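Below: one structure, written as C-alpha cells.
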Amino acid sequence: NAGVMQNPRHLVRRRGQEARLRCSPMKGHSHVYWYRQLPEEGLKFMVYLQKENIIDESGMPKERFSAEFPKEGPSILRIQQVVRGDSAAYFCASASYEQYFGPGTRLTVT
Amino acid sequence: GENVEQHPSTLSVQEGDSAVIKCTYSDSASNYFPWYKQELGKRPQLIIDIRSNVGEKKDQRIAVTLNKTAKHFSLHITETQPEDSAVYFCAASISFGNEKLTFGTGTRLTIIP
C-alpha cells in the first residue's frame, strides 16, 4: 500500500479559492476511489473512477466538487470555491481487488 | 444504500487481554468485509478481510467472524500489545474490488500497559 501516492500532503486554502488534490494509484491498479474523513469521524465515500470514466459519484456533493482520472497522469479531485466545511482529510485508495489507501491530503480552509 | 454500525466507539483493554469490535450491516447484498487500522495522522491500513463464502478467517493474533444471517461481523484481537492502540474501522461492500466501501464510525482501541 505504500505505492499509492497523494500530493500535496497538506494544503491550506482561503475561503473561495480552489483546491486540487492528486492521487497516483499503485502500479497495475486501474481503480481509484476518493474518501473524505472529517475530524474524529469515519471515512465517507465520494467517487469511484477508472481511467477516463467516472463509475460511481453518488457520494460527491452536487456543487463545487469534481473528479477525473485521465488516460495519462494522476487522478485529481477538484474543489472550487472552498468553504470552511471542506476542511478534512481526503484519502484516495487504489484497487485491483483490496483497496489500499494513500497517505491522504489534509485540507485546511481558513 | 448500505449502512454500517460499529460498537463500541471506544475500548480500553489491559495489555495481553483480548479485544472484540462488532459491526452490523443493512444490505444483504454485501459480501465483502474488510477491517482497517488507522494510527493518528496516518492512512487506513488493511489488516484483514473476509468474504461472504466463509464464516471465519484468522491471521496470527487477529481474526474476523461473519454471520450473514444476522448481518454482523466482528474483529477479534488476542494477546493485545501497545502497538495495537489505534482506531479500527469496519467496512462493507457488495463486490470485492469493484465497489465503494461503506465504513463504520470507528473504534478507538487503547491498550493499557
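The values are calculated or read from the model by the stated rules, or taken from the named source; none is laboratory data. Values in this document were obtained by computation on a predicted structure and should not be read as measured data. Because the Cβ atoms are built from the backbone with ideal geometry, glycine has one as well, and the counts that use them run over all protein chains shown. Ligands, DNA and RNA are stripped out before the accessible areas are found, and what is left, the full protein with its side chains, is counted by its heavy atoms. Shrake-Rupley method; radii C 1.70, N 1.55, O 1.52, S 1.80 Å.
Brief remarks follow.
- Taken over the range A:1-19, residues that are loosely packed, with under 13 Cβ neighbours inside 10 Å and either of a type outside the set (Lys, Arg) or assigned to a strand (DSSP E or B) (or both) amount to 4.
- Selected residue (criterion: farthest from the other protein chains (Cβ to nearest Cβ)) from residues of the range A:51-93 that are within 11 Å of the chain's Cα centre (by Cα) and among the hydroxyl-bearing types (Ser, Thr, Tyr): A:Ser66
- For B:Asp59, the stated conditions hold: it is of a type in the set (Asp, Glu) and either within 21 Å of A:Phe91 (Cβ to Cβ) or within 14 Å of another protein chain (Cβ to nearest Cβ) (or both).
- Inside the range B:90-108, residues that are modelled with pLDDT of 85 or more, assigned to a loop (DSSP other than H, G, I, E, B) and open to solvent by less than 10 Å² (accessible area, probe 1.4 Å) make up a count of 3.
- Pairs where the first residue, in the range B:87-109, is more than 9 Å from chain A (Cβ to nearest Cβ) and the second is in a strand (DSSP E or B) and among the small types (Gly, Ala, Ser), C-beta under 6 Å, 6+ apart: B:Leu109/B:Ala19
- Going through (1) out of contact with any Phe, Trp or Tyr (no Cβ under 6 Å at 6 or more places or on another chain); (2) within 11 Å of another protein chain (Cβ to nearest Cβ); (3) outside any loop (DSSP other than H, G, I, E, B); (4) not acidic (Asp, Glu) one by one, B:Lys22 falls short only on (2).
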